[in-house]
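A short worksheet on the structure shown next.
The values are calculated or read from the model by the stated rules, or taken from the named source; none is laboratory data. Note that the structure is a prediction, hence the values are computed from the model and not measured. All Cβ positions, glycine included, derive from the backbone under ideal geometry; neighbour counts span all protein chains shown.
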Amino acid sequence: MPDQQVHAAHQRVLDAAARKGIELDIRTFPETTHTAEDAASAVGAAVGQIVKSLVFVAERDGRLEPFLVLVSGANRVDVARLAAVLGEPDVRRANAREAGELTGFVIGGIPPMGHARTMRVVMDPDLGRFPLVWAAAGTQNAVFAVPPATLRILANATVAPIALGEDQGVERGVSASGGPAEVSAATGA
């Protein structure tokens, strides 16, 4: 059987995991896994098991400081809580161009690690409710499954309450893809 070429974005994710001693199994699909609902349907999981990798930024000295937020697909980011956790009162959601430039990955495929530059990562504790969660693997149609504790290690994440559940309200504003809806990263941003 001939070797299949690994997509460059997937290889970056695999390499980042390998540096932490973790081997991943990336699953690709013919259809997009851009939204939490798409990803959940593709892998046969609950929407809450999908990791949305969302990029936020704060301006410092005329430059953007990026932050990655890993949130359950069933939840929405509470920007005020996130700002308090980060100690950044003027944090905002990155737009699509900013998110792509800061991570080196396409919107809809932003993984929890392997980014173009180092950034602080904050993880929604609700992801810990599941034995396995699914995160983007670098493209809009690829994901990998890991236990939440492994995800925290891979992303070097701080776990903090930064989200509202489905019944607690919705983050308002423009998404990283430019539309009004929050999109995910295993889905993206």
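Taken residue by residue, the stretch 52-67 has no member that is over 22 Å from residue 115 (Cβ atoms), modelled with pLDDT of 95 or more and of a type in the set (Gly, Ala, Ser). The set of residues in the stretch 106-125 being in contact with a helix residue (DSSP H, G or I) (Cβ under 7 Å, 6 or more places away or on another chain) and under 21 Å from residue 40 (Cβ atoms) consists of 106, 107, 109, 110, 111, 112, 123. Close contacts from the stretch 154-173, counting a first residue that is over 18 Å from residue 121 (Cα atoms) and among the hydrophobic types (A, V, I, L, M, F, W, C) and a second that is at pLDDT below 90 and surrounded by 14 or more Cβ atoms within 10 Å (Cβ to Cβ), with Cβ to Cβ under 8 Å and a gap of 6+ residues or different chains, come to 170/164; 170/182. Taking the stretch 18-41 as the range and being outside any loop (DSSP other than H, G, I, E, B) and either more than 15 Å from the chain's Cα centre (by Cα) or without any contact (Cβ under 8 Å) to a residue 24 or more places away in the chain (or both) as the test, the residues that pass are 18, 19, 27, 28, 41.
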